[in-house]
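Every number in this text was worked out from the coordinates using simple rules, so none of it is lab data. Keep in mind the model is a prediction, meaning the values are calculated, not measured. All Cβ positions, glycine included, derive from the backbone under ideal geometry; neighbour counts span all protein chains shown.
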Amino acid sequence: MNTGTSRVELLTLDSLVRQVVVDLPPDQIISGSSRFIEDIGMESVNRLMLMNLIEQEFEISLEDHMPTLIELHTVQELADFIRLQLEK
């Protein structure tokens, strides 16, 4: 785990991912290296729902960052992006 990303952020992302991917097995581990499409099975609609939940949970706006967000493939990359937004 990136030392700049708190464990709380990863746990929050785990919870948010489980809210949008309802058929995810409860025993499936979501780690920083989990890939959204290949490992978690997220579809584009799930990613949009996740972005909406992230905006609410962390009180940040992601609208202007969509080109960057499309390039994020793992939970850790997203957590690092959120951390950078929170530091602004």
>> Give the residue list of GluC sites (Glu not before Pro) in the range 24-88 that are DSSP loop and have at most 11 other beta-carbon atoms within 10 angstrom.
In response: 38, 59, 71
>> When a/c reaches 1.5 or more, the comparison of a/b and b/c decides; with that in mind, is the range 7-87 rounded, prolate or oblate per its Cα gyration tensor?
In response: prolate
> Could you work out the helix-only [θ] at 222 nm for the chain, with each DSSP H run of four or more residues adding -39,500 (n - 2.57) and the total divided by the number of residues, to the nearest 500 deg cm²/dmol?
Replying inline: -16500 deg cm²/dmol
